[in-house]
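Sending over a structure as C-alpha cells; questions will come in a sec.
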Amino acid sequence: MSSKYYLRMIVILLAATISSLALKQLGIDKVNILMIFIVGVLLVTALTRGYRFGIIASCISVMIFNYFFTEPVQTFAINNTNDITLMLFFFITSVISSSLTARFQRQLIISQKNEQTAKLLYEVSQRLLNVNGEENIVRQGMRCIREYTGYDSIIELNESNQTFASDNFASNIGERSTDFPIMGLTKRVGTLKIYNKNVNFNIEQEWLVKTVAAQMGIALDREFVYNERENIRIAMESEHLKSNLLRSISHDLRTPLTGIAGASSYIVQRGKSLDHESIERLAKDIYEQAVWLTALVENILNMTRIDNGKLNVNKQIEVVDDVVNEAISHVPRLTERHFNIIMPKELLAIPMDGKMITQVLINLLDNAVTHTPKDRPIELCVSQKEGYVEFGVADGGEGIAPQIKDNIFDAFVTSGKTSSDGKKGIGLGLAICKAIVESHGGSIRMEKSHLGGALFIFTLPCI
C-alpha cells in the first residue's frame, strides 16, 4: 500500500517539476511557479494517507525549487536571502496545507464510517422491529450478528430458561465468549454470548452487537407484555363466559325443573280428584319440559366438547328423511304450530354423523318455535344441489335483531327475549350448529325468510 502512495507522490512531483520548467521558459515569475508546487503537495496529500507524504513532498519540492529556480541554478546553494525567505514560507504553507488536507481527509473517512455504521444499526433495528415470537426474535438477532460480524452466538433467556445457538454452531475447545446483557425496559431478560474466536472487537462490531442486544431486549420485553396482556384478556373473557354460562344455566334449568316439579306435585297431591284429560295434559307438560331440559343439557355437553377439542365426528351414510323425522320427534311443540315440510321426491343418503345433524335440526327448529308466534308458520325445506344437500329452517317471527346479526353464531349471543312459555335460551344452540356443520365440511348462514322472519340454511357435502 505504501509503495503505491510513494509512486503517486513521485509522479505528481515530476509533473509539477516539468510544468514549472516549462513555465520558466515562458518567463513566468518563480513566485507563481511556487504555486504549482503547493498544488502538487496538496494533490499528494489528497491522493495518499497520513501527514508524512505531504511533509516529504514539501521537502522534496523545496529542494527541486532550490535546484532549478534559485541562483545559482542547478546547485543547492542560495545567494539571495529573499529566496531563503520565499522557500521557508513555501515550506510552512505546504506543511500546514497538507496537514489540514490530511485532517479533513481523516474526518471524511470517519464520517463515512459513521454513516455506514448508522445505516447498519438502523437496518438491524428495522429487522428486529416487526418480528413476533420469542424464538423468531432471538433467531433474527443471531442472524444479524452472524451476517455483520461473522461470529457465532448463544442466547440464554431468563424468563423461559431457554438457550438458543446459531445455526450449525460448534465452539472450539478453549474458546471463550464475550457476554453482553440483554436488557428489557425494567429488567434483564437474557444474556448474549458472542464467540469471537478470542479476537478483540473493533468499535463498529461492538456497537453492532450492543445494538442487537438492545433491540432484542426491547422486542422480547414487548413480546412478554403482549403475551401477558393476551393472557389477561383471555382469562377475563373466560371468566365472563363462565359467569354468563352459570347465570344462564341456573335460570334455564330452574324454569323446566319448576314446571316438572309443580306438575308432578299437583298430580301426586290431587291425582285422585283429577280426570284423565287433566292428568294427560299435566303429563304432556312434564314431558315437554323434560325434552327441553334434555336438549339444554345436550347443548351444554356439546359446547364443552367443542371447547375441549373433543367433538368427534363419526360419519356414516344416513338417510336424510330419517334424520329429519328424528329431529322433528324431539320438538313436540311443533305439533301446535303451522309447520310445513318440503322434501325432495328422491331418497337422499349422504355421509354424516346422524346424531349431530339431528341436534343441529333440533336447535334450529326449537329456535324457530321459540321466536315465532303460534299463528305464524314454520317451514323446513331440504333440497339437493350440485355436490351438496341444503337444509333450510324458516320462520314467520320478527327476525334477528340488527345488533346481533353479525355475531349470531357466537356463543352466548341471544336476543334477550323470553318466549311465551317462560323459556329463555343461553345462546349456545347456533354456536353448536356452526361447529357441527363446519366439522362436516359444510357451511351455515342466516338470511331473511320469505315467511317474514329468519331463515337458517346449512349445507352438507354429498361425498
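If each DSSP helix of 4+ residues adds -39,500 (n - 2.57) and the sum is divided by the residues in the chain, what number results at 222 nm, nearest 500 deg cm²/dmol?
-20500 deg cm²/dmol, from helical runs alone.
Per-residue HN-Hα couplings for segment 95-109, Karplus 6.51 cos²θ - 1.76 cosθ + 1.60 at θ = phi - 60°, whole Hz, x for Gly and Pro?
Per-residue couplings from phi come out as 5, 5, 4, 5, 5, 5, 5, 5, 5, 4, 4, 5, 5, 5, 4 Hz.
Same structure again: Taking amide H positions as placed in the peptide plane 1.01 Å from N, state which residues far from GLY397 in sequence (5 or more) or on other chains have amide H under 5 Å from it.
GLY453, ALA454
Applying 1/(1 + (r/R0)^6) with R0 = 30 Å to the Cβ-Cβ distance of LYS448 and LEU301, what FRET efficiency is obtained, to the nearest 0.05?
Between LYS448 and LEU301 the formula returns 0.40.
Moving on. Multiplying the sequence separation of GLU346 and GLU326 by 0.36 nm and subtracting their Cα-Cα distance, what value in nm do you get?
Length difference between fully extended and current span is 5.3 nm.
Can you work out the FRET efficiency for the pair ARG139 and ASN114, with r the C-beta to C-beta distance and R0 = 25 Å, to the nearest 0.05?
Efficiency at R0 = 25 Å is approximately 0.30.
Fewest first, what order do ILE218, ILE341 take by the number of other Cβ atoms within 10 Å?
Fewest-to-most Cβ neighbours within 10 Å comes out as ILE341, ILE218.
At a Förster distance of 60 Å, what's the computed FRET efficiency of ARG222 paired with ILE317, Cβ-Cβ distance as r, to 0.05?
0.65
By how many nm would the segment from GLU230 to VAL39 grow when fully extended, if each residue of separation counts as 0.36 nm and the alpha-carbon distance is taken off? Intermediate values should be presented prior to the final figure.
Numbers: separation 191, 0.36 × 191 = 68.76 nm, distance 7.01 nm.
Once the chain is fully extended between GLU230 and VAL39, it gains 61.7 nm.
While we're here: When a footprinting reagent is the concern and you count Cβ atoms within 10 Å, what order do LYS385, LYS284 take, fewest first?
Numbers: LYS385 9, LYS284 12.
Lowest count first: LYS385, LYS284.
Okay, moving on. Between segment 179-237 and segment 262-279, what's the alpha-carbon centroid distance in Å?
Taking the Cα centre of segment 262-279 as reference, the centre of segment 179-237 is 76 Å away.
Kindly list the residues of segment 140-157 that lie in the label zone of ARG188, defined by a backbone N under 18 Å from the point 7 Å along the Cα-to-C-beta vector.
Backbone N within reach: 154-157.
Can you tell me which of 133-140, 158-165 comes out highest on packing, and rank the rest after it, using the mean Cβ neighbours within 10 Å? Let's see the in-between values first.
Details: 133-140: 17.5, 158-165: 13.8.
Output ranking for 133-140, 158-165: 133-140, 158-165.
So, one more: Report ³J(HN,Hα) in whole Hz for each residue of segment 442-450, in order, from the Karplus equation J = 6.51 cos²θ - 1.76 cosθ + 1.60 where θ = phi - 60°; Gly and Pro get x.
Karplus values, whole Hz, x for Gly and Pro: x, 9, 9, 8, 10, 9, 7, 7, 5.
Please label the shape of the chain as rounded, prolate or oblate, based on the square roots a ≥ b ≥ c of the eigenvalues of the alpha-carbon gyration tensor (a/c under 1.5 means rounded; beyond that, a/b larger than b/c means prolate, else oblate).
prolate
Moving on to the next point. For a quick check: sort PHE76, PHE456 by the number of other beta carbons within 10 angstrom, fewest at the front. The partial results should precede the final answer.
Values: PHE76 9, PHE456 25.
Listing PHE76, PHE456 from fewest to most nearby Cβ atoms yields PHE76, PHE456.
Still on this structure, please answer the following. Note down the nm distance, to one decimal, between modelled labels 7 Å out along Cα→Cβ at GLU175 and at PHE76.
5.7
While we're looking at this one, here's another question. 7 Å from Cα along Cα→Cβ at both GLU206 and LEU14: what's the point-to-point distance in nm?
4.5
Values quoted throughout were computed directly from the atomic coordinates according to the rules given, and no laboratory measurement underlies them. These numbers come from a predicted model, not from an experiment. Every residue, glycine among them, receives a Cβ derived from its backbone with ideal geometry; neighbour counts consider all protein chains shown.
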